[in-house]
1. With the requirement that a residue be of a type outside the set (A, V, I, L, M, F, W, C), surrounded by 14 or more Cβ atoms within 10 Å (Cβ to Cβ), at pLDDT 90 or above and part of a helix (DSSP H, G or I), what does region 13-50 give you?
2. Determine if region 57-72 includes at least one residue that is of a type in the set (G, A, S), at pLDDT 85 or above and assigned to a helix (DSSP H, G or I).
3. For region 138-153, how many residues are modelled with pLDDT of 70 or more and open to solvent by 60 Å² or more (accessible area, probe 1.4 Å)?
4. Scanning for something modelled with pLDDT under 75 and open to solvent by 60 Å² or more (accessible area, probe 1.4 Å), does region 156-176 turn up at least one residue?
5. For the condition within 24 Å of W166 (Cα to Cα), of a type in the set (S, T, N, Q) and touching a residue at least 40 places away in the same chain (Cβ under 8 Å), what is the one hit in S98, S66?
6. What are the residues in region 74-119 that are touching a Lys or Arg at 6+ places or on another chain (Cβ under 6 Å), at pLDDT below 75 and in a loop (DSSP other than H, G, I, E, B), if any?
Amino acid sequence: MKKITIAAAVAVIAVAVTAYASPYYALHQIKTALAERNADALATHVDFPALRASVKAQLEASMARSIEATAGSGNPLAALGQSIASAMLGKMVDTMVSPAGVVALVNKSAVSPQAGADASADAPADGTQKKAGYSASYAGVNTFVVRAKDGNAQESALVLQRHGVWDWKLSSIEIASAMAVR
């Protein structure tokens with residue numbers, strides 16, 4: 001009986017540790033897919049409908065702030081312009097937020113068929129690789145946030161949501177803080 005209790009306790013601890021470490025492993029897999037510029041591998045770790053909705057909402061809010069600051073809130077032409085731009089924005093985001101588009105956005109590079117073959121083109125001339133700084137932490141039981149540290153006041157973030165016990169998917173890229181400065 002004592003062996004069964006110990007085995008059960010070890011199993012519970014193992015499940016808890018692997019569940020806690022699972023977003024870090026998902027982050028490692030995402031980083032590997034980005035480094036290899038492998039859009040198919042990255043696509044398995046992205047919730048595209050949620051990511052599209054998040055990006056659309058942030059861009060629409062930024063556009064509304066920009067139009068209000070430029071034209072004022074009472075301008076009827078500003079509202080017309082915003083509705084036209086919003087329709088175009090939806091199509092643009094749908095195209096941009098795709099496996100190849102996400103690789104390009106995160107790597108800050110252009111989407112091209114030869115992206116995987118010419119991965120060394122972004123490397124510095126002296127051959128050293130600049131390592132990006134980031135912090136990663138839980139923002140809740142089912143939310144994991146990765147914040148870039150670029151030495152700037154502007155921080156971007158990747159938000160991963162839990163899907164099941166061990167699976168995590170990129171569901172949001174926080175870009176509003178960088179766009180609010182404009």
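1. Within region 13-50, S22, P23, Q29 qualify.
2. We begin by selecting, within region 57-72, every residue of a type in the set (G, A, S); these are 57, 61-62, 64, 66, 69, 71-72.
Keeping just the survivors that are at pLDDT 85 or above gives 57.
The next check asks that each one be assigned to a helix (DSSP H, G or I); those that pass are 57.
For region 57-72, residues of a type in the set (G, A, S), at pLDDT 85 or above and assigned to a helix (DSSP H, G or I): present.
3. At the first step, the residues of region 138-153 found to be modelled with pLDDT of 70 or more are 138-149.
The next check asks that each one be open to solvent by 60 Å² or more (accessible area, probe 1.4 Å); those that pass are 138-139, 141-142, 147, 149.
Number of matching residues: 6.
4. Applying the first criterion (modelled with pLDDT under 75) to region 156-176 yields 176.
Then drop every residue that is not open to solvent by 60 Å² or more (accessible area, probe 1.4 Å), which leaves none.
Checking region 156-176: not a single residue is modelled with pLDDT under 75 and open to solvent by 60 Å² or more (accessible area, probe 1.4 Å).
5. Details: S66 fails: within 24 Å of W166 (Cα to Cα).
Only one candidate qualifies: S98.
6. Listed by number, the residues that qualify are A115, G116.
The values are calculated or read from the model by the stated rules, or taken from the named source; none is laboratory data. All figures in this text were calculated on a predicted structure; none of them were measured in a lab. Virtual Cβ from ideal backbone geometry, glycine too; neighbours counted across all protein chains shown. When the accessible area is computed, the model is the full protein with side chains, heavy atoms only, and any ligands, DNA or RNA have been set aside. Shrake-Rupley method; radii C 1.70, N 1.55, O 1.52, S 1.80 Å.
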